[in-house]
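Here the structure comes first, spelled out in structure tokens, and everything after it is commentary.
The values are calculated or read from the model by the stated rules, or taken from the named source; none is laboratory data. For clarity, every value in this text was computed on a predicted model and none was experimentally measured. Ideal geometry is used to build each Cβ from the backbone, glycine not excepted, and the neighbour counts take in all protein chains shown.
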Amino acid sequence: MAKKLFFIILLLLFNTYAFASNALYTPYEGVDFKYRWLDTLKHDTHIIEVNGLHTSTPHQFGYELQQVLGDDTLTKLGLTYAYKAGSHWAGFGLSSYSDEPLTSLNLIEFDVFYAFKVFQHVTEYENIKGKAIAHYSRLYLGVEYSTNRIFLDGFPLPVIRYEYSKPGLNVIFGMPLTYIKVDFLKYSSIEFKYVPILDVLFSYNFGINKNNVLQFQAEMENDMYKLSNMITDVYYSEQEKYYTDTISLRFRYKVTIKDTVAISPFIEFIADSHRYSSKEMKLFSSSSNGIGYSAGINISAFF
């Protein structure tokens, strides 16, 4: 049960700097539905998102659909495929994040990655309930190329991922993701996540019991799109980009039902949000949408 709850939390929190390399950072197969209403002084936005990951060993298939409705109408579409055999892991993806997705080649992005497991050390031992729990450490090294990053798109970047896990502690350290989860008391934990360059989350999770958790979170999150009327250059690294980012304080209640479904309604205070193009780059000044509020729900089904 504790292992499955940890997997749910990872699915709700993880994103990466490339869509195809999600296969490296999404730990289980399932479907996630999200709805979020965000109302600031200058923007009123509804966001609907569905994403999932399905595995038929050694194959892995992923998909993403997000619709942003409001002052901006923006869409995310993406498909991924990954193949894992032994210590080798490779994959590719196609995506389009835009107001008019898939309508031109300049609005279609692609990603590819390869990673190799350098080492893995696993020790199994019996817990107090007589079940074997794995205590492991492992290291992945690889390379990833993407035309759809918030930064350095169109250039290959290294993949470095060191994992360490034991009861009460889970650590992922490297590029593009750093994640730490520390358990304390019986059902409570503290989490920290960082993805370059503007995705940061801190979460204090207070467990009433194993199926009911109250979460107090602070998050800075960023999304990137390419607007059809901005794209004039065929070179990905030279194309103008459109950014949206939000700084929020969040209260979330998460209930897990029969180890298969997690339902998480939430409310947020928006400390600030911004919308700007890469040529403007006026963060925290004229691009500010002001303070506001947000509410929504996440529903995750895992197999």
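Listed by first and then second residue, the pairs linking a residue in the stretch 88-110 that is free of Cβ contacts under 8 Å to residues at least 24 places away in the same chain to a residue that is hydroxyl-bearing (Ser, Thr, Tyr), with Cβ atoms under 7 Å apart and 6 or more places separating them unless they lie on different chains, are ILE108/SER96. Within the stretch 74-103, the set of residues being surrounded by fewer than 17 Cβ atoms within 10 Å (Cβ to Cβ) and not small (Gly, Ala, Ser) comprises LEU79, TYR81, TYR83, HIS88, GLU100, LEU102, THR103. Filter the stretch 175-187 for residues that are surrounded by 15 or more Cβ atoms within 10 Å (Cβ to Cβ) and outside any strand (DSSP E or B); which is modelled with the lowest pLDDT? Per the stated criteria, the residue is PRO176.
Going through the stretch 202-231 one residue at a time, which ones are under 15 Å from the mean Cα position of the chain (by Cα), modelled with pLDDT of 90 or more and surrounded by 19 or more Cβ atoms within 10 Å (Cβ to Cβ)? Scanning the stretch 202-231 gives a single hit, SER203.
For every residue, the table says whether it meets (1) at pLDDT 95 or above; (2) assigned to a loop (DSSP other than H, G, I, E, B).
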residue	(1), (2)
TYR63	no, no
GLN67	yes, no
LEU79	no, no
ALA82	no, no
SER95	no, no
LEU102	no, yes
TYR114	no, no
HIS121	no, no
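Residues ARG161, ARG138: which one is touching a helix residue (DSSP H, G or I) at 6+ places or on another chain (Cβ under 7 Å) and in a strand (DSSP E or B)? None of the other options fit; the residue is ARG161.
Just for the stretch 138-174: of the residues that are of a type in the set (Asp, Glu) and at pLDDT 85 or above, which one is surrounded by the fewest Cβ atoms within 10 Å (Cβ to Cβ)? Per the criteria, the residue is GLU163.
Looking across TYR243, TYR276, TYR236, one residue alone is within 19 Å of GLN66 (Cβ to Cβ), out of contact with any helix residue (DSSP H, G or I) (no Cβ under 8 Å at 6 or more places or on another chain) and at pLDDT below 95. It is TYR243. Residue pairs whose Cβ atoms lie under 6 Å apart, sitting 6 or more positions apart in sequence or on different chains, and linking a residue in the stretch 58-70 that is surrounded by 14 or more Cβ atoms within 10 Å (Cβ to Cβ) to a partner that is small (Gly, Ala, Ser) and assigned to a strand (DSSP E or B), are GLN60/ALA82; TYR63/GLY52; GLU64/GLY78.
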